[in-house]
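Shown next, in structure tokens, is the structure this report addresses.
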Amino acid sequence: MPTLFEHGAVVYADDSALSASQALAERLRWPLLDLQSLPSELPQAFFLCYREGCLKLLDRQTLKKGGLAVDVEPRPGEQHSYPAPKKDLLAQAIGKKTKTVIDATTGWAQDSLALFRMGYDVQCIERSPVMAELIQNGFQRLAEKDWVVNRQLQPPTLLVGNAIELLAGLSEVPECIYLDPMFPPKRKQSAATRKSMAILRDILGDDLDRADLFAAAWQAAGKRVVVKSPDYAEPMGGKPSESYQGKLLRYDVYLK
């Protein structure tokens with residue numbers, strides 16, 4: 001099945017974004033197109049564009065307006081104070097006394113950013129060069145936020161590549177490794193979730209190497225591996241040490 005990586009282009013709307021767009025197109029080896037003079041029919045299905053102060057992922061319907069970006073703002077219901085309280089299921093699964101976390105399947109980075117706002121030391125791994133560009137742009141915007149600058153905080157760091165290989169070569173042992181692998185969908189989702197997850201699935205496909213990923217995480221983690229999964233999925237590493245059940249998902253915790 002063709003992937004988004006093989007059918008993308010970088011588009012720019014004005015000369016102010018031309019230099020950054022050229023560099024992005026070179027890194028991804030994608031064609032560079034002028035948004036103002038696009039042909040009526042395009043062979044590409046997806047596009048990256050610097051727009052509204054951030055890097056956005058577009059499809060043909062959002063070429064002129066809109067698009068998806070890594071959202072660095074607190075999630076609905078999340079406190080804006082720093083560090084945010086460690087009271088939700090994610091924090092309970094990661095461990096309130098845990099300090100270092102590696103998110104080995106970063107995706108849109110929403111869980112990584114939530115962990116960062118709760119005060120964890122977060123390192124991210126992402127195997128898609130496309131998603132890595134979006135994530136890195138999000139982290140750059142995060143670094144410019146007043147509350148980050150004033151507290152001299154360092155945003156999460158990002159490693160790009162296959163998590164199974166990168167976890168085997170870590171120079172320091174993280175206390176926790178967090179996995180949120182791609183499972184086949186089995187229920188309807190909201191329109192926004194459906195769009196972002198569908199595009200992520202187009203980029204990455206399902207994680208068919210989940211067993212190998214768990215084994216690599218278990219080998220590399222210092223204290224625990226946490227797996228986020230839909231409630232219908234079988235536990236990825238066998239029976240967990242403990243599990244935190246939400247409405248539609250759960251966090252399985254494997255303690256070493």
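The values are calculated or read from the model by the stated rules, or taken from the named source; none is laboratory data. What you see is a predicted model; the values in this text were computed from it and never measured. Note that each Cβ is placed from the backbone with ideal geometry, even for glycine, and that neighbours are counted across all protein chains shown.
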(request) Determine, yes or no, whether Ala84 is farther than 28 Å from Leu58 by Cα, in contact with an Asp or Glu (Cβ under 9 Å, 6 or more places away or on another chain) and not assigned by TED's automatic domain parsing to the domain that holds Tyr251. (result) yes
(request) Sort out which residues of segment 198-244 are at pLDDT 95 or above, of a type in the set (Ser, Thr, Tyr) and part of a strand (DSSP E or B), and write them in order of number. (result) Ser243, Tyr244
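Please find, within segment 75-123, the residue that is surrounded by the most Cβ atoms within 10 Å (Cβ to Cβ) out of those that are of a type in the set (Val, Ile, Thr) and part of a loop (DSSP other than H, G, I, E, B). Can you show your working first?
Going through segment 75-123, the residues of a type in the set (Val, Ile, Thr) turn out to be 94, 98, 100-102, 105-106, 122.
With part of a loop (DSSP other than H, G, I, E, B) added as a condition, the list becomes 98, 105-106.
On the way: Thr98: 20, Thr105: 24, Thr106: 29.
Residue satisfying both the conditions and the ranking: Thr106.
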(request) Could you tell me which numbered condition Gln61 fails, if it satisfies all but one of (1) under 28 Å from Asp252 (Cα atoms); (2) at pLDDT below 90; (3) not basic (Lys, Arg)? (result) (1)
(message) Need a quick list: strands (runs of 3 or more DSSP E) entirely within segment 12-74 having at least 1 residues that are within 21 Å of the chain's Cα centre (by Cα), more than 22 Å from Trp108 (Cα to Cα) and not small (Gly, Ala, Ser).
(response) none
(request) Can you confirm whether segment 94-110 contains a residue that is among the hydroxyl-bearing types (Ser, Thr, Tyr) and not assigned by TED's automatic domain parsing to the domain that holds Ala143? (result) no
